[in-house]
Amino acid sequence: MKKAIIFDSGTLISFSIAGMLGKIKELKDVFDGEFLITEDVKKEVIDKPLTIKRFELEALRVKRLLDKDVLVMPEKIGINKSEIDKKTEEIMSIANNTFYEKNKPIKLIDYGEASCLALSRILNEKNIENIIAVDERTLRMLSEKPENLERLLHDKLHTKVNSKKENFKFFKEFKFIRSSELVYIAFKKGFFDLKDHDTVLDALLYAVKFNGCSISSEEINEIKKLARSSK
């Protein structure tokens, strides 16, 4: 395996609710690598939703991707669950003890997100190029701009937030992509057979925005400009 995309639950949910899960398979068909999900993510998007009638159909659609090996578990590429679990616990402990409100730690990430980081770190150690597909802003900011995250938490909680800045470097190595960027790639590959391309791209990007992808209207306009300039 040369490279991999690790999918967090939020990205799969964004694609599913927006009716675009089929595009995951089309993206996989042109990707020289694997699309991976961890056991914790599987619990969030398949196992638990299958027990809730409201979400059962969406869970079955994601399960179909797993059954057809569009999405694969780490065990299929020789990475065992216990190794991921150990690193997940370490990452949970560090991430959720980095920022403090009145000397109380602020919980930033859950097990699904932490397991994605854990798998990414294992792949990095194996020199396998990888990126994490995640729509939630907090996780990306923790890695890319932790100082901005500290200010964001301060504004959100309306109180002073302190941080263990020595923890920041622990999260520097991770790379991320959002569902909006994956949609743009699918759009550029011609996977959406619809006319009036500018309107279609606008509709696709707002579909994932309104279904959980953290992307601003300004960013959407920039992507549309990029698409027009690259025709």
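Annotations
- Selection count where residues are within 20 Å of V134 (Cβ to Cβ), at pLDDT below 95 and surrounded by 14 or more Cβ atoms within 10 Å (Cβ to Cβ), scope segment 154-178: 0
- Residue among S229, S180, S216 that alone is without any contact (Cβ under 8 Å) to a residue 24 or more places away in the chain and under 17 Å from the mean Cα position of the chain (by Cα): S216
- Selection of first residues in segment 196-211 that are touching a residue at least 60 places away in the same chain (Cβ under 8 Å) and of second residues that are β-branched (V, I, T), restricted to Cβ pairs under 6 Å at least 6 apart or on distinct chains, gives the following pairs, ordered by first then second residue: L204/V183; V208/V183; N211/I17.
- Top-ranked residue of segment 65-91 - restricted to ones that are in contact with a helix residue (DSSP H, G or I) (Cβ under 9 Å, 6 or more places away or on another chain) and not in a helix (DSSP H, G or I), ranked as surrounded by the most Cβ atoms within 10 Å (Cβ to Cβ): L71
- The residues in segment 92-128 that are in contact (Cβ under 8 Å) with a residue 12 or more places away in the chain, more than 18 Å from A4 (Cβ to Cβ) and assigned to a helix (DSSP H, G or I) can be counted, and the count is 4.
- Against the test of being within 25 Å of F174 (Cβ to Cβ), in contact with a Lys or Arg (Cβ under 8 Å, 6 or more places away or on another chain), assigned to a helix (DSSP H, G or I) and in the same structural domain as A133 (by TED's automatic domain parsing), the options I13, I46 yield a single qualifying residue, I46.
The values are calculated or read from the model by the stated rules, or taken from the named source; none is laboratory data. Predicted model, so just to flag it, every value in this text is computed and none were measured. In this analysis, Cβ positions are derived from the backbone assuming ideal geometry, glycine residues included, and neighbour counts consider all displayed protein chains.
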